[in-house]
């Protein structure tokens, strides 16, 4: 289990106009000389900027371009009036790919980002070389209800005005107790402040939540047959019940699932290099067979 939180060097960044708003992005790595080394697009979850991927992208960007970005409403991207939908987020992601010249790419999404990735894959399957879904769900009323601990910590994190209480709640929402005790609460809070400061505006938070509550891809996921798909399931997730990863596995024909016994919802921080290694193996396998 990785317990070091040394952040990588800053990456080239910029802003791209998408419709009537701009999205902030970062590019990691270099353009590969091998034509089969396709770029990777990393899609972040609810309310967070793309820099939350910083423990994953170094492993992926050794021989290819990796794009991370701030969804509308989060980070340094514009925060237009809502509500937003998964179709909006998917269109934003595809527009970024178009503007950066990514004719085909590997797509990776975590949590809400995994819901965005499902929508994009369904609407533009021909653009994807592979799909990876991490700690996410396919939609439906039951999928919106976290475990009790997840609901309690999510509500506290979003409503409390006490900064320390907020970050303690976030850490308990993202990480298993054993990991918190091993790394230390203070070390985790320092990491989380990088991603969660400043909090996104209330209207953007509500607009992103509207997209989550409106997500339901269950009847359309069968169309992803033939697309190399990896589902990464953190068994100790308290925010999105792990059983929903199993449902995704069942609904996407030919998908593979990686079950991680000691991982929580924040596994891209808890064990970023290990998650990145799973993704790298998956995308290299997809490239080798196409």
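Quick notes
- Taken as a whole, the condition of being in contact with a helix residue (DSSP H, G or I) (Cβ under 9 Å, 6 or more places away or on another chain), under 28 Å from residue 105 (Cβ atoms) and not in a strand (DSSP E or B) applies to residue 218.
- Taking the conditions (1) closer than 30 Å to residue 223 by Cβ; (2) part of a loop (DSSP other than H, G, I, E, B); (3) modelled with pLDDT of 85 or more in turn, residue 146 satisfies each one other than (3).
- Residue, nearest to residue 201 (Cα to Cα), within the stretch 57-71, restricted to residues that are touching a strand residue (DSSP E or B) at 6+ places or on another chain (Cβ under 7 Å) and touching a residue at least 60 places away in the same chain (Cβ under 8 Å): 57
- Residues of the stretch 193-204 classified as at pLDDT 90 or above and either touching a strand residue (DSSP E or B) at 6+ places or on another chain (Cβ under 9 Å) or assigned to a helix (DSSP H, G or I) (or both), total: 3
- Residues that are assigned to a loop (DSSP other than H, G, I, E, B) and over 19 Å from residue 129 (Cα atoms) were ranked within the stretch 15-29; the one that is modelled with the highest pLDDT is 20.
- Of the listed requirements (1) farther than 30 Å from residue 241 by Cβ; (2) in contact with a strand residue (DSSP E or B) (Cβ under 9 Å, 6 or more places away or on another chain), residue 34 misses just one: (2).
- Just one of the listed residues (206, 202, 165) is surrounded by fewer than 21 Cβ atoms within 10 Å (Cβ to Cβ) and over 30 Å from residue 121 (Cα atoms), and it is 165.
The values are calculated or read from the model by the stated rules, or taken from the named source; none is laboratory data. Predicted model only: the values in this text are computed from it and were never measured. A quick note on method: Cβ atoms are made from the backbone with ideal geometry, for glycine too, and the neighbour counts reach across all protein chains shown.
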